[in-house]
Amino acid sequence: MSNLRFIDKTSASSVSSISLTDCFSADFDVYKIHVVMDGTTTNKDIRLQYINSSGAIDTTANYSIGAMFMSSYTNFIELRYNSQSSHLVTGYNYDGGTGIEYTIFNPYSSSLYTGLISQSSGAYNSSGVKMVGTTAVGLHLGKTSMTGINIIPSASTLKDIEVKVYGIAVT
């Protein structure tokens, strides 16, 4: 039997953000979140925010992240951001679509930091198809119980997006 336990999913089209509430609980410490997008109206980085136990999107300056932007058409770029209102550059969405996998640690705990690992890949169609990927690690330094996520592009809208959340059972 798999250790992944399906929790919830949602999908939307032509939206400025997508949220899943009440997907984190005391039942799991580690979560996998799969995101599939069919492009944005412009090419922008994808950001993640948490939703607290009051149901509000956490926009405090408690997000820190280190990321690597990798592409087939330019040099790799190292990115570091501290004291932000979201986890920046957890993926980069181009017109060819993007897939992102998040692993989130301890989001429901109010005594531990919430950790994040993200990996993404996507395609960019300009003078031929080009590949883009990101990998990132992040922390939310608020030690606040989080119960959900909010995914936003840095600008524009998400054309078609599906988000699935799984808990990882420890046996």
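Condition check ((1) over 20 Å from Ile149 (Cβ atoms); (2) in contact (Cβ under 8 Å) with a residue 12 or more places away in the chain; (3) in contact with a strand residue (DSSP E or B) (Cβ under 6 Å, 6 or more places away or on another chain)) across all residues:
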| position | (1), (2), (3) |
| --- | --- |
| Ile33 | no, yes, yes |
| Gly66 | no, yes, yes |
| Thr74 | yes, no, no |
| Ser85 | no, yes, no |
| Val89 | no, yes, yes |
| Tyr102 | no, yes, yes |
| Ile117 | no, yes, yes |
Scan region 104-115 residue by residue and report those that are hydrophobic (A, V, I, L, M, F, W, C) and either without any contact (Cβ under 8 Å) to a residue 40 or more places away in the chain or over 15 Å from Ile151 (Cα atoms) (or both). Phe105, Leu112
So if I check each of Thr114, Thr103, which one is crowded, with 23+ Cβ neighbours inside 10 Å and at pLDDT 95 or above? Thr114
On the given criteria, is Ala123 part of a strand (DSSP E or B) and either buried (at least 22 other Cβ atoms within 10 Å of the Cβ) or touching a residue at least 40 places away in the same chain (Cβ under 8 Å) (or both)? no
Restricting attention to strands (runs of 3 or more DSSP E) lying wholly within region 11-96, give those where 1 or more residues are over 17 Å from the mean Cα position of the chain (by Cα). 63-71, 77-84
Single residue of region 126-160 satisfying the filter (crowded, with 21+ Cβ neighbours inside 10 Å and more than 19 Å from Asp22 (Cα to Cα)) that is modelled with the highest pLDDT: Gly138
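The values are calculated or read from the model by the stated rules, or taken from the named source; none is laboratory data. Keep in mind it's a predicted model, so treat the numbers as computed, not measured. All Cβ positions, glycine included, derive from the backbone under ideal geometry; neighbour counts span all protein chains shown.
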